[in-house]
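Working notes for the structure below.
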Amino acid sequence: MRDLDDKALDQEKHVVTIDAKDADIGAALVTGESALVDAAEGLRIRRKIDKHILPLMCILYLCVMNSTSLVEGYETNDLDASIQAVDKNTLGYSAILGMRTSAHLTVNQYNWLGTIFFLSYFAFEYPQNLALQRFPVGKWMTLNILVWGVVLICHAACTSFAGLFVVRLILGMCEGSVTAGFMITNSMFWTRDEQIVRIGLWYGMTGLAQIVGGFLSFGSLHIHTGAFEPWQWLMAITGILTILTAVAFYCYYPDSPANAWFLNEEERIAAIQRVKGNQTGVENKHFKKQQLIETLTDPKTWLFGFYALLCGASTGGLAFQRQIIVSSFGFSNLQTTLLGCVDGVIQIVAIYIGVELASRIPNSRGWLAMAFYIPNILGALLVNLLPWGNRVGLLFAVWLTDINATTFVLVLIWVGQTTAGHTKKVTTNAIVFGGDCLGAAVAQFLWQAKYSPRNHIPWIVTGVMYVLALGTLLANRTLLDLRNKHRATVPHNDAYEDVHVVRLGEDGKHVEVKVAKEFLDLTDKQNSDFRYAL
């Protein structure tokens, strides 16, 4: 028996025999030259998948995002969807609901609460991605969501910097599982074209989370229970919502199409066949060192990672400070809280427009991601140039920077559709999300008290990073376009056309079963039929 990574080819027959663990999980259900799924049947199965998975993804992203920023001054991490969005926004809302005062936080300590979250997120990003490969995706996410909810409730008991520091650190540990898990789920269940709108749907919950978080914060202002302050109620409420979401995930969220509870055996096979054209397979639980090396030596990995670093640095600190910035324009706490809802609306509309255009215009992901940076650059310029007394103009300039969320969504889609091989996918995800949170951690200290209220230096640096991020996307698109053109000129590589996996038959003997190339867990470089989405 020979291993695929060793490229041990029979020179006469061009046959490769590999162990089943080296193949994609789809090979267990789909073997040989399986028939294509009928269009009507494929549509029926897709609707079934949408019905059972998308609502859970959206609810989670809403709650988790909201709970993070509701607590302290505004800490959002757009990488977790609905529930997640509410969780993240708790930090920002809690700052204006009295958390900074009751915990006796200095400006530096407040910044550290944002920084430690992202540093912890960065440190545990790769271990989280490895765990998502090793363990069932749904169950591992459930565990992290449950811990997230419990820790959110613990925020309400913290009345010092030390206590808040610890709970923020634990939140950062859990953060890396959700968006990375969602990216894996998207590649498992939906085709390339279908993924665009669906990623936009659950990621768009970050905008809805800001709206929900604004109203939760507004309601919390009217809760008067003596020693238990409004920000503590906000954390407790969002924590309970997150725990309820964890229960729903445990009961209903599938680990993969191969064991999805809402599909019968025939539908599971059809679901895997549907995504065959992605050329990325479904899942492989076996870590492959060769794929890790390929990931680390692939320029596109680091271009995506550098973009994420710039994105995190330009938006992370700004998101953390947004409520405070708007308040400094002369708006009251109540007005600032309600105006935060507009940020959510802008994000929802911008993301919807972005994913709709990307789904309708072929190979437009890169160009659209770059185009959506223009409003951000304009916003950074206006905040610096408009008179300080023009608070409405300054407010609109800040709102322009909300459009940056659309670019990140498009890049997430782009990363998932230009990377194949399961070990390579989880490693790339770790680098991208790690870059984002590392940038956000550093950015917390860019917004210092000595620069307020105009914050000229932070805004100038943010604008420069917008421009650099745009240039990085252009470089990556150029690289991938050149790779596609090169592959169109080289002869077809049939090295993996006749591959068999070794499997235990019903009679207890080992048998070899032919497997389609799409389910061999090949990387985008190994598979000559793979074409990079542009």
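The values are calculated or read from the model by the stated rules, or taken from the named source; none is laboratory data. Keep in mind it's a predicted model, so treat the numbers as computed, not measured. No Cβ is skipped: glycine too gets one built from the backbone with ideal geometry, and neighbour counts run over all protein chains shown. Only protein heavy atoms, including side chains, enter the accessible area calculation; ligands, DNA and RNA are left aside. Shrake-Rupley method; radii C 1.70, N 1.55, O 1.52, S 1.80 Å.
Considering ARG365, ARG391, the condition of being open to solvent by 30 Å² or more (accessible area, probe 1.4 Å) and among the charged types (D, E, K, R) is satisfied by ARG391 alone. Within segment 368-387, the set of residues being surrounded by 15 or more Cβ atoms within 10 Å (Cβ to Cβ) and within 19 Å of LEU473 (Cα to Cα) comprises LEU368, ALA369, MET370, ALA371, PHE372, TYR373, PRO375, ASN376, ILE377, LEU378. Would it be correct to say that SER327 is touching a helix residue (DSSP H, G or I) at 6+ places or on another chain (Cβ under 6 Å), farther than 22 Å from GLY114 by Cα and either surrounded by fewer than 20 Cβ atoms within 10 Å (Cβ to Cβ) or aromatic (Phe, Trp, Tyr) (or both)? So SER327 does not fit the description; no.
Within segment 331-362, being closer than 18 Å to VAL212 by Cβ, open to solvent by 20 Å² or more (accessible area, probe 1.4 Å) and within 22 Å of the chain's Cα centre (by Cα) holds for VAL345, ILE346, ILE348, VAL349, TYR352.
Just one residue in the set SER187, SER120 is small (Gly, Ala, Ser), surrounded by 21 or more Cβ atoms within 10 Å (Cβ to Cβ) and within 19 Å of PRO257 (Cα to Cα); that residue is SER187. Where helices (runs of 4 or more DSSP H) fall entirely within segment 136-252, those with at least 3 residues that are modelled with pLDDT of 85 or more and of a type in the set (Ser, Thr, Tyr) are at 161-189, 230-252.
May I ask you to list pairs of residues, at least six apart or on different chains, whose Cβ atoms are under 6 Å apart, with the first in segment 316-329 being in contact (Cβ under 8 Å) with a residue 12 or more places away in the chain and among the aliphatic types (A, V, I, L, M) and the second being in a helix (DSSP H, G or I) and buried (at least 22 other Cβ atoms within 10 Å of the Cβ)? From segment 316-329, the pairs are VAL326/THR336.
One line per residue, one yes/no per condition, for (1) closer than 27 Å to VAL342 by Cβ; (2) open to solvent by less than 10 Å² (accessible area, probe 1.4 Å); (3) part of a helix (DSSP H, G or I); (4) not small (Gly, Ala, Ser):
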residue	(1), (2), (3), (4)
TRP399	yes, no, yes, yes
ASN404	yes, yes, yes, yes
THR407	yes, yes, yes, yes
VAL411	yes, yes, yes, yes
TRP414	no, yes, yes, yes
THR428	no, yes, yes, yes
PHE433	no, yes, yes, yes
ALA440	yes, yes, yes, no
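Residue by residue through segment 437-457, note down the ones that are of a type in the set (A, V, I, L, M) and modelled with pLDDT under 85. Correct list: ALA440, ALA441, VAL442, ALA443, LEU446, ALA449. Starting from residues that are in contact (Cβ under 8 Å) with a residue 60 or more places away in the chain and of a type in the set (Ser, Thr, Tyr), keep the ones in segment 225-264 and report whichever is farthest from CYS63 (Cα to Cα). Per the criteria, the residue is SER256. The single residue among TYR126, TYR110 that is assigned to a helix (DSSP H, G or I) and modelled with pLDDT under 85 turns out to be TYR110.
Among residues that are among the hydrophobic types (A, V, I, L, M, F, W, C), out of contact with any Cys (no Cβ under 6 Å at 6 or more places or on another chain) and within 20 Å of ALA405 (Cα to Cα), ILE196 is included.
Residues in segment 458-479: is at least one open to solvent by 10 Å² or more (accessible area, probe 1.4 Å), of a type in the set (Lys, Arg), modelled with pLDDT under 90 and not in a loop (DSSP other than H, G, I, E, B)? No, because not a single residue in segment 458-479 is open to solvent by 10 Å² or more (accessible area, probe 1.4 Å), of a type in the set (Lys, Arg), modelled with pLDDT under 90 and not in a loop (DSSP other than H, G, I, E, B).
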